[in-house]
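Undergrad: One structure is given below, represented as structure tokens, and several questions about it will come after.
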Amino acid sequence: MEPGSAKRRKIGHSRGESAVGNIDAAASSGLSRGRAFILEAEELLDEVKLDYATALEGVDSLLHKIKGSIEAIEAHDALQIAEAATKLEKKHKIQIPFPEPRPSDKSNYKVAFAKPTQFNVVGSYVSKTMIKAQKSHAVDMVVVIPGETLQEKDYLDLRYFYKRAYFLGVVAAALQKDLAEDGELSYEYLNGNSLSPILTLKPKVEGEKKEGRLDYRVRIIPCAPDNIFPKSKLHLGATLVRKAGGDDSKAAAKPTPFYNSTLVSEYCFFPYLKLLRQTEKKCAAFKKACILGRVWLQQRGLGSDMADGGFGHFEWAVLLALLLQSGDNTRGHAPLSTSLSATQLFKAMVQFLSVTNLSEKPCVLGTATLESETAGPVLFDAVRGLNVAFKMSNWSAAKLHQHAKWTRSLLNDSTADQFTPTFILKADLPWQNYDLIAHLNYDGKQDKTQPSDCRGRLWEYSDKVHRVLKRALQDEELGERARSIHIQLPKSSSWDLTKKPSTKQNHTIEIGVLFNAANMTRTVDRGPAAGPSNEEKEECARFQRFWGEKSELRRFEGDSIRETLIWTSTSPFDLCEEIMRYILKLHLRVGYLEDELVFHGDGFSDLISLKPTDTSVFNAARKAFSSFEKDIRNLDDMPLHVRQIAPICPELRHASVKVPFSTVSKTGPRPLECVISFEASGKWPESIVAIQRTKIAFLRMIGDLLERSKPGEVRSYVGLESSTTTNTELENLAYLDIIYESGPAFRLRIHSDLEEALLTRQSHDKTIDQHHRHQASVLLSNFRRLYYHLPLHTQSINTFATRFPAFSPTIRLLKHWFSSHKLSSHFTQDFIELVALQVFLSPYPWDAPSSPSVGLLRALLFLSRWDWRSEPLIVDTNGDMPSSERSAITTRLEAWRKIDPLMNHTVLFVATAQESSGVAYTTINGVAQPSKVVAARMTALAKTACRVIREEGVDLDARRLFVPSTKEYDVLLHLSSKALKAVGKVYPSEDLSNPSAAAAAKGQSKYKNLSSTAGEDALPLPSSPIDSFFSKLEQIYGTGSSAPLVFFRGGEDEKVVGAIWNPTLGRRVFKVNLGTSYKPVVGGGGKKRKGGDGDEKEEEEEQLVEVNREGILSEIARVGGEVVERVEVQRE
Amino acid sequence: MAPSPQTIGEFSVLPISIPPVPSFPRNVVHYLYVRRNAPKIPTANDSRSLFLANVPVDSTELHLRALFASLVGAGRFESASFEDERKEAEAVAAALDAAPAQAVRLLAAHGKKRKREDQEAAERAEEEAAARLPSTWSRPLRKSGSTAVVLLADEKSVQQVLKAIAKVHKSKKYPTWGGDGNIVAERVPQLGSVWLKAHNQLSYPDRDQLQAAVDAFSTMFARREREAAEIAKRLRNEPDEDGFVTVTRGGRSAPASTKEAEEAKKKMIEKAEKKKQEMTDFYRFQMRERKKAEQEELVKRFAEDRQKLDAMRQKRGKFVPEA
């Protein structure tokens, strides 16, 4: 491009200016940063490319046939419209698709038919920008209505559209006659615009459908010749439909921008075709950029159809072409250079759309001044005089703007995977987008308003709903409650030639609201201050007019008196529902009937009874913890100075499914776990065994000191760990449970830094044998997990729970999901929390979730898509992880996979800023949590859930996602809740050790039993009885690949435990210590030996054995006693 | 049902019929594998003991006593020792023994074993038992598929047992687990909820008992540490066969604690790093080389991206927009 001729196009508003400035920056940075993005985009372009020859086979001959058929239609002279219509309809038994209101019989304008002057094929078929994955493929053929049948004044009062419809009717009649064998003909509205009906032909497929052939259709679009109407009269502010408004002169004065723009668009087919062809020639990457745009828009549910938002591929292409055009202005050059690559152009477009909100400020490309303010979004092409965005609504403009903003922030985040969220992910599923969805029934019969423009009454009604809701929920002065309000209108469909277009009166409007989580919880809205000045009075009056009787005056601190709204609900969802119901009732008189306004989206909170007060309960637990910390720090006679007491349990990081202290009464106290560390000291003995013993003495002392300092308020117990590893003397041996009479209970473990040093030394010590070294390194990683990772993790989760209000409930829902599907015993709590966190920290292609339901669904989406075999989960908790560290983590994963390709030791790889080794959250006792099989099951379950979410759409029943399927399990263990309840509370003096006494106690009266423990406090629970039971079972049967049974269990409320026989333990040769109970295979193996021992034969084969399944189940039943109610064998 | 084999290798198969339990009402057969005990290191009692493999997880000595009584009559069974009990005891002893580590290491380095008189060994065992922490379970469970050694009254009983097992196969009258009518169940601690409750109780042992165990341990530990110090002292003055004197801790100057050593190391690393930092970009050629390296890195990363892309391409569907 020559610098002299390249001139900068004037952009009509200041925001546009800055947009252009940023465009260059966005585009030029493309090369160095997103290399992968560019390569991937190229790959995508290859993948979606359509093979036109096979996909649209036979389209050319069909087009020729249509052309011939239309050309053969006999012309006729002008007839009165009513007469001509009846004649045509009678003769060919078809209907003419007149727009509403239909021309009256008395109208005296005349219609004629003449041979069309011009045919042409336009659209993406010509420019070859169709893609495989499009919803529907259409080849657009425009037929120009000859100028002689039109008059200049036809632009008024729908006259042109009546003539157009008649023209279409004639064409339809002819094609029906000629092309009946070639395909099916029907009418439909062009992009859902009821002013412009068109004819579509769906070709019949003969014989076998060929591979790659698409179900395409040909759209026959009548259009106006250029320059037939006076352009100066067609500006956006003109009022061209006078009759429609009735006789009332006031109504007649309303401008009809939509009608005007439709009219302009009727003769713009050729100019735009020309524009696009020119741009294609000038800019090599233009087509590719258009394809990228098409994919991007399609994944966000945006399209040219009015129901899809009115911004589709065509609008994208035109906007991009206009930005690439060097205009004829005097200033500068075009905003975009034609030498940019496809991805750069795409990025530039996203950048432009993200800074340009079409509905807030009209955007003018070229030199033109808009004479009047229009209500809708404006993207004005000055040269052709068309508002390209005329089919858009305020909400679709907002949606486009928002998605562009989100994509821009993704493209600016160099560390995230930019490609997949931008192009691959389907981002328009209702429940992953909106926190609340409401269905509003619209009854056309009740609606007595007269439409002022030609978009239909439903549209105008929706627009009003949107305006009211926007003012109610997105008022900046009150503090935006909603980030976005979207309205989905029903789509128009095609109809038969012999029928009239559907005149359905009842429609359902879908309203989606995306919360601003910080503001939606507000129960008091402070409006304008009441004051003496006129301005203030007016403000208040306006406020009162809008809010009606809900608004009242209140005095606030600082003596300000304000208009105030008080809402009674508490949760964000209920608040939003309350406001919407109130304001829609007030302004639109809807919601009186039960089913008129239906709200969806709070089904998830009911599942685990999420309450808005839960946050305060969690905070209370935190507070109890800090007072406990203070009590410990205030102890006088401590031999070492306390450095830190850190909580490590989910209850103290807003992350437990149940709120803290909720089960106190039913079971013994459940202590909240913490670790305590002291100042460095040389007093620790230099031996791990001795350190563990010293800790016991230390714990005992802390307990005694606490009891002494707070007599009567505190009880303390030193508890012994029930170890899971074999060598009990090297690990932590004991903990201290401290129970406050006021309720809270805490469990303390001591951190000794020397222990770590000794373990490190042992794990590197070459002089000791491999087994002990391995053991030391397992203990070391347990140690680090307990004393470093968990405290840090707790801290960071707490921080994020404060930053994202929806984070804590999302974690709890996700944990509930894991639990319902009997997976939770295989996953660490912290892993689940990190998955939830990832959805908030890397939310692309959206923004961070603002409600638990959206959070859960996106987390499930993440789990279903996470390819953990080759990808690490990197949670950037500090927000500044350098890419070098990211690649180091990936390299580490690759190394692990090379060492352990079967994934026996390392399965899920999760790294955070504090912990980059990748295995700390997913390995316990040196065993991968979960194992590969369980991780695969998690992915499968998440995939199924996502499929359900996609298929059900808005009608999703939350409970369905949580219904476990038990048919996959070989064995089900039904636990007795009664027996477990009994286990939950134990008193110190109960005599349980002596079997005869226990047996005797059974026979004795209940009361005697009670009296022996009366007045005593129940012992704290070392762990939940189910956990104790199953960890003991795992200890005796082993874990991992050697265990005969793999148990699947959920949280404590899940009383059915599934189990699967390990398929890898087949028949094998007998030897001592096979690790589980085996029985001889009957008739298996070789000949049986005769006689007793010693009488062996040399050539004898070895006797095979197999797992004694019944024997094992019977053992479990015996060990479980009354705790296991029933062992159900589902499969032998 | 086809008859199950009577022997596998040198083991006789002993089927045990297990009475149904309410939650799993089936008649189940458990298979025990029995042979004469022949450990690698023979002991005095080998001839009158039997080696059992695959004992049920809920086995106790009483269970086995009842089992052998039903095979060969009462009075032949003397005692049983279970594999995991033995192993655990050994592991604990080893761990307690390993402290203090320093002395053990020194001795190992010198190829010397501490002299252990029988009496001393018994003393140690007693000491260790006192230092052992109480168990948290009222009744231990055996690891699935583990073994046990049963000591019988005499050699003849062993013969009789093996014969009885052969007879069991013929008569198809398998001995019942827990004795007829499950008489053992009333004499051993109950499993199930009582057992879990007891676990809860035993997890919080009596404070004094706990303190006693800890105290016993510290006395033992202190004594052994003293012993170790003495050994170390002795070694310091004693040249070995080659005439070398081992350098041991606790020489003239006070021993360096590991902590100090680590800190010193940290300081050294810091110092080296600082020095390194000061010297980067000091000369022009360094800068040029660095830039060159950076560029190479870029090229390398580009190649890597390509590779990654190829890998992605191989996984189908990565580049198809979701419908």
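Undergrad: From the set of residues in segment B:48-69 that are assigned to a helix (DSSP H, G or I) and touching a helix residue (DSSP H, G or I) at 6+ places or on another chain (Cβ under 7 Å), which is nearest to residue B:157 (Cα to Cα)?
TA: Once the filter is applied, the top-ranked residue is B:48.
Undergrad: Quick one: in segment B:1-25, of everything that is under 22 Å from residue A:1081 (Cβ atoms) and touching a Ser or Thr at 6+ places or on another chain (Cβ under 7 Å), which residue is modelled with the lowest pLDDT?
TA: B:6
Undergrad: May I pose another question? Look at segment A:418-430 and say how many of its residues are outside any loop (DSSP other than H, G, I, E, B), within 9 Å of chain B (Cβ to nearest Cβ) and within 12 Å of residue A:300 (Cβ to Cβ).
TA: The qualifying residues number 1.
Undergrad: Scan segment A:899-916 and give yes if some residue there is out of contact with any strand residue (DSSP E or B) (no Cβ under 8 Å at 6 or more places or on another chain), of a type in the set (Phe, Trp, Tyr) and touching a residue at least 24 places away in the same chain (Cβ under 8 Å), otherwise no.
TA: No - not one qualifying residue is present in segment A:899-916.
Undergrad: Another question, then. Which numbered condition in (1) among the small types (Gly, Ala, Ser); (2) at pLDDT 95 or above; (3) outside any helix (DSSP H, G or I) is the only one that residue A:879 fails?
TA: (2)
Undergrad: So for segment A:358-378 (the condition being over 29 Å from residue A:581 (Cβ atoms), touching a strand residue (DSSP E or B) at 6+ places or on another chain (Cβ under 7 Å) and not hydrophobic (A, V, I, L, M, F, W, C)), does at least one residue qualify?
TA: Within segment A:358-378 (the criterion being over 29 Å from residue A:581 (Cβ atoms), touching a strand residue (DSSP E or B) at 6+ places or on another chain (Cβ under 7 Å) and not hydrophobic (A, V, I, L, M, F, W, C)), the answer is yes, since at least one residue qualifies.
Undergrad: Could you check, for segment A:528-548, whether at least one of its residues is within 30 Å of residue A:169 (Cβ to Cβ), surrounded by 19 or more Cβ atoms within 10 Å (Cβ to Cβ) and of a type outside the set (D, E, K, R)?
TA: No, there is no match, as no residue in segment A:528-548 is within 30 Å of residue A:169 (Cβ to Cβ), surrounded by 19 or more Cβ atoms within 10 Å (Cβ to Cβ) and of a type outside the set (D, E, K, R).
Undergrad: For segment A:491-511, which positions are at pLDDT below 85, of a type in the set (Gly, Ala, Ser) and either surrounded by 13 or more Cβ atoms within 10 Å (Cβ to Cβ) or not in a loop (DSSP other than H, G, I, E, B) (or both)?
TA: Residue satisfying the conditions is A:492 alone.
Undergrad: What number of residues within segment B:1-55 satisfy the criterion of being touching a residue at least 60 places away in the same chain (Cβ under 8 Å) and in contact with a Leu (Cβ under 7 Å, 6 or more places away or on another chain)?
TA: Final tally of qualifying residues: 13.
Undergrad: So, one more: Would you mention how many residues in segment B:2-47 are at the interface with chain A (Cβ under 7 Å from one of its Cβ atoms) and loosely packed, with under 11 Cβ neighbours inside 10 Å?
TA: 1
Residue-wise test of (1) part of a helix (DSSP H, G or I); (2) more than 14 Å from every other protein chain (Cβ to nearest Cβ); (3) modelled with pLDDT under 85.
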{"position": "B:209", "(1), (2), (3)": "yes, no, no"}
{"position": "B:215", "(1), (2), (3)": "yes, no, no"}
{"position": "B:232", "(1), (2), (3)": "yes, no, yes"}
{"position": "B:247", "(1), (2), (3)": "no, yes, yes"}
{"position": "B:254", "(1), (2), (3)": "no, no, yes"}
{"position": "B:275", "(1), (2), (3)": "yes, yes, no"}
{"position": "B:287", "(1), (2), (3)": "yes, yes, no"}
{"position": "B:297", "(1), (2), (3)": "yes, no, no"}
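Undergrad: Could you run through segment A:52-69 and say how many residues are surrounded by fewer than 17 Cβ atoms within 10 Å (Cβ to Cβ) and either among the hydroxyl-bearing types (Ser, Thr, Tyr) or assigned to a loop (DSSP other than H, G, I, E, B) (or both)?
TA: Residues in segment A:52-69 being surrounded by fewer than 17 Cβ atoms within 10 Å (Cβ to Cβ) and either among the hydroxyl-bearing types (Ser, Thr, Tyr) or assigned to a loop (DSSP other than H, G, I, E, B) (or both): 4 in total.
Undergrad: Also: Does at least one position in segment A:761-770 carry a residue that is of a type in the set (A, V, I, L, M) and surrounded by fewer than 21 Cβ atoms within 10 Å (Cβ to Cβ)?
TA: yes
Undergrad: Count, please, the residues in segment A:999-1038 that happen to be crowded, with 21+ Cβ neighbours inside 10 Å and either more than 11 Å from chain B (Cβ to nearest Cβ) or at pLDDT below 50 (or both).
TA: Qualifying residue count, segment A:999-1038: 0.
Undergrad: Could you please give the count of residues in segment A:431-487 that are in a strand (DSSP E or B) and under 15 Å from residue A:584 (Cβ atoms)?
TA: Total satisfying the criteria: 11.
Undergrad: Could you grab me the full set of residues in segment A:183-213 that are part of a loop (DSSP other than H, G, I, E, B), modelled with pLDDT of 80 or more and more than 24 Å from residue A:315 (Cα to Cα)?
TA: Scanning segment A:183-213 gives a single hit, A:204.
Undergrad: Among the strands (runs of 3 or more DSSP E) contained in segment A:1040-1132, which hold 2 or more residues that are more than 8 Å from chain B (Cβ to nearest Cβ) and at pLDDT 85 or above?
TA: Hits in segment A:1040-1132: A:1045-1048, A:1056-1061, A:1104-1107, A:1124-1129.
Undergrad: Residue under question is residue A:404, and the condition is that it be touching a residue at least 24 places away in the same chain (Cβ under 8 Å), of a type outside the set (Lys, Arg) and assigned to a loop (DSSP other than H, G, I, E, B); does it hold?
TA: Spelling it out, it is not the case that residue A:404 is touching a residue at least 24 places away in the same chain (Cβ under 8 Å), of a type outside the set (Lys, Arg) and assigned to a loop (DSSP other than H, G, I, E, B).
Undergrad: Then there is this: Would you confirm whether any residue within segment B:72-89 is within 26 Å of the chain's Cα centre (by Cα), more than 10 Å from every other protein chain (Cβ to nearest Cβ) and in a loop (DSSP other than H, G, I, E, B)?
TA: Within segment B:72-89 (the criterion being within 26 Å of the chain's Cα centre (by Cα), more than 10 Å from every other protein chain (Cβ to nearest Cβ) and in a loop (DSSP other than H, G, I, E, B)), the answer is no, since none of the residues qualifies.
Undergrad: In addition: Pick from A:690, A:680: which is over 24 Å from residue A:831 (Cα atoms), touching a residue at least 60 places away in the same chain (Cβ under 8 Å) and aliphatic (A, V, I, L, M)?
TA: A:680
Undergrad: Oh, and also: Got a number for residues in segment B:62-96 being touching a residue at least 12 places away in the same chain (Cβ under 8 Å) and among the charged types (D, E, K, R)?
TA: The number of residues fulfilling the criteria is 6.
Undergrad: In segment A:726-751, what residues are more than 9 Å from chain B (Cβ to nearest Cβ), assigned to a loop (DSSP other than H, G, I, E, B) and closer than 20 Å to residue A:698 by Cα?
TA: Result: A:731, A:732.
Undergrad: What residue, among those in segment A:384-400 that are outside any helix (DSSP H, G or I) and touching an Asp or Glu at 6+ places or on another chain (Cβ under 9 Å), is surrounded by the most Cβ atoms within 10 Å (Cβ to Cβ)?
TA: Here the residue is A:391.
The values are calculated or read from the model by the stated rules, or taken from the named source; none is laboratory data. What you are looking at is a predicted structure, and each value in this text was computed from that prediction instead of being measured. Backbone-built Cβ (ideal geometry, glycine too); neighbour counts: all protein chains shown.
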